[in-house]
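In what follows, a structure is listed as structure tokens, so that the remarks can point back to it.
We did not get these values from a lab; they are worked out from the coordinates using the rules stated. Predicted model only: the values in this text are computed from it and were never measured. Methodologically, a virtual Cβ is constructed for each residue, glycine included, from the backbone with ideal geometry; neighbour enumeration extends over all protein chains shown.
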Amino acid sequence: IDQILPNTAIVFVSHSMPMISRICSQIILLENGKSQFQGNDVGKAIDLYYTRFAQNESNVVFSDGSIQLEKVELITDEPNSEIPKLSWGEDFKVFFKFKINKNIEIPKFTITIFDKEQRPVAIFNNNKNVLVEIKNDSIVFSITHKKIQLSKGVYAINVSCNKNEASEPLLRINNVISFQIIHDKEVWPPFLLSSTYENC
């Protein structure tokens, strides 16, 4: 670093971005000793930093071979970006396709969102109790959540499939897809909830 400016903090930690956004007015993002970004736009540098956590390969934790994930896709306006991005408040929609390899009953699917430190922050509930169907040895469905209010950052989706009644595991995959929530504010809690403050 050629010059250290007054009131500049140098922080060598991996999980303090919310704090950095609150205390720093300038930022330098280094990778292998080389500057990837330097300037006053702290939010932009944080977005670049979070993108480094995106994983393109899924992690199969368990499989009995009866079902496998063929495709997962987050439906966004930028489908070809390095990591799918959603603005805070947009509708969240993710598409799944599974291949059935053995004669099984329709499994129970659990879709969970984890943050970049692999802490669970949300689980998708089937409010309408809609049963998915097996057609042509495949199960195809999508999940929609209106106006997502996750705070800015990178998140991953984990999937588990279990036998309906016994909860016996069939398939579990961590990080089937990563996505990034875009917002101009950095906050520490996982949710940034829309609200109205009124005088009483």
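Step through the table entries K99/K147; K116/K185; K93/K163; K71/K185, compare each Cα-Cα distance with 28 Å, and write down the pairs that go over it. Show your work: numbers first, answer last.
Working: K99/K147 30 Å; K116/K185 18 Å; K93/K163 25 Å; K71/K185 32 Å.
The pairs that break the limit, which is 28 Å between Cα atoms, are K99/K147; K71/K185.
Are there trypsin sites (Lys or Arg not before Pro) in region 83-134 that DSSP marks as loop and that have at most 14 other Cβ atoms within 10 Å, and which are they?
Numbers: sites: K85, K93, K97, K99, K102, K108, K116, K128; in loops: K102, K116, K128.
Sites meeting the loop and neighbour criteria: K102, K128.
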Could you give the semi-axes, largest first, of the ellipsoid that matches region 126-200, computed as the square roots of 5 times the alpha carbon gyration tensor eigenvalues and rounded to whole Å?
-> 33, 17, 13
Mind running the shape call on region 158-200? Use the C-alpha gyration tensor, a ≥ b ≥ c as the square roots of the eigenvalues: rounded below 1.5 for a/c, prolate if a/b tops b/c, oblate otherwise.
-> oblate
